[in-house]
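Asks: Below is a structure I'd like to ask you about.
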Amino acid sequence: MKRIYLDYAATTPTDPEVVKAMEPYFFAKFGNPSSIHAFGQEAKKAIEDSRQILASFLGAKPEEIIFTSGGTESDNFAIEGVAYALEKKGNHIITTAIEHHAITEPCKFLEKKGFKVTYAGVDKYGLVNPGDIRKAITDKTILISVMHANNEIGTIQPIAEISEIAKSKGIYFHTDAVQTVGHIPVNVDELNVDLLSLSAHKFYGPKGVGALYIRKGTRIERFLHGGDQEKGRRASTHNTTGIVGLGKAIELCQENMDREAKYQISLRDRLIKEVNDKISEVHLNGHPAIRLPNNVNFSIKYIEGESVLLNLDILGIAASTGSACTSSSLEPSHVLLAIGLSPEIAHGSLRLSLGRWTKEEDAAYLSEHLPKIVEKLRAMSPLYEKK
Ligand code: PLP
């Protein structure tokens, strides 16, 4: 049976070249990077090399990079770390209604501890209005966090414009760049951010490793208490293999990003056109142009996204209705509700995300079979009948 993977936004395969780079660090070069002996020092060197590669990719300094266990930890670290470091200064945080749960959950947790959080709305394309952020600022605001691109609908936010507002008021600015690093240019000075989260498994690196960029001088409480790794900011023995993999993955993205993005944009736009041409009453979610090169998200009226997924799965096609982290929940996506979709329409959503190994024939196979699945499901749908 054919197996086609169109869920790169959930996770990517680890590039074989990344696996090759990691391999020596499991056995031959297994030392603890905090050890003084040669075994430790060779592991430490590999970590520092990766830090250098990532820093130069982001336009940052190596000492501004903290390795973490992934996007969730980086987001939690940024939100809680700044909140606790600045709680004497203020207790107000501004974020948006479309953030990943790795941001909204620590925000909700802080609300229980007495912090106030404003969740700014977005327009029908999922774009944040910088003016809304400006209006939400109070003299107690200590942090603004707006994601670089949304993981469900792919809309890319005007980060530099929003961070400029934060900077002009002396407020720290964080962005969750988990979906953009490795896929579109991300430069911490151009984006003008104080903190930025990323995760290796979204750009062909291994799972369970990521990083938080923290601009020099930013006040932030340490996250994991224990040893003095990462200059005392994040204890625990380094994940050497993972960090080496992250560095190699970034190197490969640096080499391939422009070409890959161009290719994915052409495939993405073809897929959008074909699905629109072949299926009636479908709606593209997210901004038509200001979106991730690899993201397609449709709402298909009168049917359930889950049923579409199961039918695609039978044909060997892996897709998603939205965030993999909430796929077991029956609640409609908070992102789709935030862009103004009704719960019924939000339930009929389908996310297709492309990547390094997506072939033209994969997209063609999808656009051949999706209309047939929709037709079959609509034929069984009481909502479609009533129409
Ligand atoms: N932020 C965004 C935008 C994401 O898409 C994800 C993963 O789906 C995360 C955070 C969490 O990253 P991780 O899976 O590395 O914890």
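The values are calculated or read from the model by the stated rules, or taken from the named source; none is laboratory data. Since we're looking at a predicted model, the values are computed, not measured. Cβ sites come from the backbone with ideal geometry, for glycine too, and all protein chains shown count toward neighbours. When the accessible area is computed, the model is the full protein with side chains, heavy atoms only, and any ligands, DNA or RNA have been set aside. Shrake-Rupley method; radii C 1.70, N 1.55, O 1.52, S 1.80 Å.
Asks: Anything in region 87-113 that is in a loop (DSSP other than H, G, I, E, B) and within 27 Å of GLY70 (Cα to Cα)? List them, or say none. Explain how you work it out, then say what you get.
Replies: Let us first name the residues in region 87-113 that are in a loop (DSSP other than H, G, I, E, B), namely 87-91, 97-100, 113.
Within region 87-113, GLU87, ASN91, ALA97, ILE98, GLU99, HIS100, LYS113 meet the criteria.
Asks: Moving to a separate point now. Only one of these is closer than 30 Å to LYS116 by Cβ, open to solvent by 60 Å² or more (accessible area, probe 1.4 Å), more than 16 Å from the ligand (Cβ to nearest atom) and in contact (Cβ under 8 Å) with a residue 24 or more places away in the chain: LYS61, LYS89, LYS2. Name it. Steps first, answer last, please.
Replies: Details: LYS61 fails: closer than 30 Å to LYS116 by Cβ; LYS2 fails: closer than 30 Å to LYS116 by Cβ.
Checking each option against the conditions leaves just LYS89.
Asks: Hey, can you tell me all the residues within region 166-190 that are farther than 23 Å from GLU221 by Cα, in contact with a strand residue (DSSP E or B) (Cβ under 9 Å, 6 or more places away or on another chain) and open to solvent by 10 Å² or more (accessible area, probe 1.4 Å)?
Replies: Once the filter is applied, which keeps residues that are farther than 23 Å from GLU221 by Cα, in contact with a strand residue (DSSP E or B) (Cβ under 9 Å, 6 or more places away or on another chain) and open to solvent by 10 Å² or more (accessible area, probe 1.4 Å), region 166-190 yields GLN179, HIS183, ILE184.
Every residue, every condition in (1) in a helix (DSSP H, G or I); (2) in contact with a strand residue (DSSP E or B) (Cβ under 7 Å, 6 or more places away or on another chain), yes or no:
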residue	(1), (2)
THR241	yes, no
ILE272	yes, yes
PRO288	no, no
GLU306	yes, no
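Asks: Looking at (1) under 27 Å from ILE156 (Cα atoms); (2) crowded, with 17+ Cβ neighbours inside 10 Å, find the lone condition where PHE109 falls short.
Replies: Just one mismatch for PHE109, condition (2).
Asks: Of the residues that sit in region 154-176 and are closer than 18 Å to GLY71 by Cα and touching a helix residue (DSSP H, G or I) at 6+ places or on another chain (Cβ under 8 Å), which one is nearest to the ligand (Cβ to nearest atom)?
Replies: ASP176
Asks: State which residue is most open to solvent (accessible area, probe 1.4 Å) when the search covers only region 134-153 and only residues that are of a type in the set (S, T, N, Q) and more than 16 Å from the ligand (Cβ to nearest atom).
Replies: Of everything passing the filter in region 134-153, THR138 is most open to solvent (accessible area, probe 1.4 Å).
Asks: Restricting region 204-216 to residues that are in a loop (DSSP other than H, G, I, E, B), of a type outside the set (Val, Ile, Thr) and out of contact with any Asp or Glu (no Cβ under 9 Å at 6 or more places or on another chain), which is farthest from the ligand (Cβ to nearest atom)?
Replies: Filtering first and then ranking leaves PRO206.
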